[in-house]
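Nothing in this text is a laboratory measurement; each read-out follows from the coordinates by a stated rule. Quantities reported herein were computed from a predicted structural model and do not represent experimental measurements. Every residue, glycine as well, gets a Cβ built from its backbone with ideal geometry; the counts of neighbours run over all protein chains shown.
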């Protein structure tokens, strides 16, 4: 606890609730925390628009989870799918396990990281001489049940992006060396950010992200002044600035925790599900990921609003985030702003949005 407090004092993070604008990005991040099965979020925007600041600010809002104490994989004491092999073996032998509460973690993946650093390594010599599976966990192990953040993901090697997306989708990471194979749970929310000027991800990779948030530079002069003033206040007295935002941060944390509990009870009616699929079909979305993510995101939004029934308004708000990046067939084509998705949505749902 002392270490965490020391880190907090030495490296204060800008409060999430103090971030002005960029509502699309903030909503996408919150929905993924409420339901990690949405599949992560890709954030694309201009330089200096607060992408990294917002993602790192999310850490403050993350709720606590139960973990097995001193376990490098943050194993869940109750869910075998989120347990390491060692923990499962101890449970089978009825050995006592010490549990602890820990905040959901966020792991930063450096741009120059190697595959071994990401996936982990096997000590072949130790395995052969001592007959034990000597595994050194990587970043995927640390990110299990948390968030893995990749800044400038569009500059990351395609092979490494594939590895991350495969692990995020399957929930498992497998390392194989010289005939020795080790698997461990790696269920995390993948958050990527980048600048479109430096190139987009291939459509096949983009499709694997659950949501896509586009952010731009704030144009309103008064808002820009507010952002500059806030940043100056934070740089001058970060702890005092964070204390001012303490109440709003606490309220949002509680709201997210309550939404996570409410989520299993949220229903989306059959008619709405049919129309979501009709919308995806008319937009020419390949596969069924778009249908699944739109259903999940609208349920997460309803839970965040404290409701157990998804409304058409919920679906309208999340559809551009879930579908715009799935429309691009040509790698040279730019990503839809969301207008085309909204246009088809209004036609399919015969819906008039509240302005």
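So here's what we get for this one:
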| quantity | calculated |
| --- | --- |
| Residues residue 202 and residue 278, FRET efficiency given R0 of 25 Å [Cβ-Cβ distance, rounded to 0.05] | 0.35 |
| Share antiparallel - DSSP beta bridges, region 127-197, percent rounded to 5 | 55 percent |
| Fraction of beta bridges assigned by DSSP in the chain that are antiparallel (%, nearest 5) | 45 percent |
| Neighbour-count ranking [beta-carbon atoms within 10 angstrom, fewest first] of 184, 159 | 159, 184 |
| Rounded Å value of the spacing that divides the Cα centres of region 71-88 and region 209-230 | 40 Å |
| Reduced Cα scattering model of region 199-336, Debye log10 I(q)/I(0), q = 0.10, 0.16 Å⁻¹ | -0.51, -0.98 |
| Mean ellipticity per residue at 222 nm, deg cm²/dmol - from DSSP H runs of n ≥ 4 across the chain, formula -39500 (n - 2.57) | -13500 deg cm²/dmol |
| Cα convex hull volume per residue for region 263-349 (Å³) | 86 Å³ |
| Label-to-label distance, nm, for residues given as residue 180 and residue 222 (7 Å Cα→Cβ offset) | 6.5 nm |
| Cβ-Cβ FRET estimate between residue 257 and residue 86, R0 fixed at 30 Å, reported to 0.05 | 0.55 |
| Rh by Kirkwood over Cα pairs, then Stokes-Einstein D for region 1-113 at 0.890 mPa s and 25 °C, µm²/s | 147 µm²/s |
| Stokes-Einstein D for the chain, Kirkwood Rh over Cα pairs, 37 °C, 0.692 mPa s (µm²/s) | 151 µm²/s |
| D_trans [Stokes-Einstein, Kirkwood Rh over alpha-carbon pairs] for region 79-231, 25 °C, 0.890 mPa s, µm² s⁻¹ | 136 µm²/s |
| Length-normalised contact order of region 263-349 in % [C-alpha pairs under 8 Å, at least 6 apart] | 34 percent |
| Region 52-71 residues near the modelled residue 100 label - backbone nitrogen below 18 Å, point 7 Å along Cα→Cβ | 63-71 |
